[in-house]
Ligand code: UDP
């Protein structure tokens, strides 16, 4: 069942159910893509119908962070739990490791995807890292052709939103991958460049606060969270 939060329709799944669905998508013929919208996405999607369609046409739409969850509660149609993109990515890596599949990492500054790949293959030794590419290309088709040549099963697309979603919708199919996931800054985390909040903060739903303390310049971006909640409140009372 889908739950609409300000025009974006989310899959109402637990982390475990999302992983099971991801496993099915990886096993099915054809290309699939997953998106992990946070509150910033919701505001961008309101203004940009193309971006909104690309989000709504994804095979899996997962709520990245507590902001989307709060908005869904205010709207009176609560999502069950947050499924951060990076957790879903970790579950897909564990699965690929079990099956011995091929992984391509696309995005972030030059060198970051390579370092992330080095660390991930240390942790998941049965994954075959079939290629990496930085996220500062100008020709989306050429980047897709490079991915296709590497024949991945699983593809992480970490270009920031909406670039990564638009790229997946336009070029994903031509990569031949089974599952692509738009993951924002995940390669910065997997490469060790950015530290994720400790588990205690994550469990309390305070990952955003940790990130803000570590990178205070994100305050401008994060200020959009209360705006999303206010918009949800307006929608709830019918304004
Ligand atoms: N990025 C990229 N190509 C671009 C713009 C951004 O590869 O043209 C990368 C950037 O280096 C970073 C990621 O995309 O690794 C976006 O990070 P952000 O912090 O915006 O993601 P979040 O996790 O907050 O969604």
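Would you list the helices (runs of 4 or more DSSP H) that sit entirely within the stretch 179-237 and hold 1 or more residues that are buried (at least 17 other Cβ atoms within 10 Å of the Cβ) and near the ligand (Cβ under 9 Å from one of its atoms)? Explain how you work it out, then say what you get.
Details: elements: 186-190, 199-203, 207-214, 219-222, 224-236.
Helices (runs of 4 or more DSSP H) meeting the threshold: 186-190, 207-214.
Collect the residues in the stretch 123-138 that are within 16 Å of the ligand (Cβ to nearest atom) and in contact with a helix residue (DSSP H, G or I) (Cβ under 9 Å, 6 or more places away or on another chain), keeping them in residue-number order. Working first, answer last.
Of the stretch 123-138, the ones within 16 Å of the ligand (Cβ to nearest atom) are 131-138.
Once the filter is applied, which keeps residues that are within 16 Å of the ligand (Cβ to nearest atom) and in contact with a helix residue (DSSP H, G or I) (Cβ under 9 Å, 6 or more places away or on another chain), the stretch 123-138 yields 131, 132, 133, 134, 135, 137.
Check residue 16 against each of (1) under 28 Å from residue 230 (Cβ atoms); (2) surrounded by fewer than 15 Cβ atoms within 10 Å (Cβ to Cβ) and name the one condition it does not meet.
Condition not satisfied by residue 16: (1).
Please state which one of 105, 79, 120 is in contact with a helix residue (DSSP H, G or I) (Cβ under 8 Å, 6 or more places away or on another chain), surrounded by 19 or more Cβ atoms within 10 Å (Cβ to Cβ), in a loop (DSSP other than H, G, I, E, B) and at pLDDT 95 or above. Can you show your working first?
Details: 105 fails: in a loop (DSSP other than H, G, I, E, B); 120 fails: in a loop (DSSP other than H, G, I, E, B).
79 is the lone residue from the list that is in contact with a helix residue (DSSP H, G or I) (Cβ under 8 Å, 6 or more places away or on another chain), surrounded by 19 or more Cβ atoms within 10 Å (Cβ to Cβ), in a loop (DSSP other than H, G, I, E, B) and at pLDDT 95 or above.
Here is a list: 166, 95, 154, 105. Which entry is touching a residue at least 60 places away in the same chain (Cβ under 8 Å), under 14 Å from the mean Cα position of the chain (by Cα) and over 27 Å from residue 221 (Cβ atoms)? If you could, list the steps in order and put the result at the bottom.
Working: 166 fails: over 27 Å from residue 221 (Cβ atoms); 95 fails: under 14 Å from the mean Cα position of the chain (by Cα); 105 fails: over 27 Å from residue 221 (Cβ atoms).
Step by step, each of 166, 95, 154, 105 is checked, and only 154 is touching a residue at least 60 places away in the same chain (Cβ under 8 Å), under 14 Å from the mean Cα position of the chain (by Cα) and over 27 Å from residue 221 (Cβ atoms).
Out of all the residues in the stretch 139-160, which are near the ligand (Cβ under 10 Å from one of its atoms) and part of a loop (DSSP other than H, G, I, E, B)? Quick ask: steps written out before the conclusion?
Let us first name the residues in the stretch 139-160 that are near the ligand (Cβ under 10 Å from one of its atoms), namely 157-160.
159, 160 - these are the residues of the stretch 139-160 that are near the ligand (Cβ under 10 Å from one of its atoms) and part of a loop (DSSP other than H, G, I, E, B).
Please verify whether the stretch 109-125 includes one or more residues that are farther than 26 Å from residue 191 by Cβ and touching a strand residue (DSSP E or B) at 6+ places or on another chain (Cβ under 7 Å).
no
The values are calculated or read from the model by the stated rules, or taken from the named source; none is laboratory data. Here the structure is a predicted model, which is why all the values come from computation and not from measurement. So basically every Cβ, Gly included, is an ideal-geometry build from the backbone, and we count neighbours across all protein chains shown.
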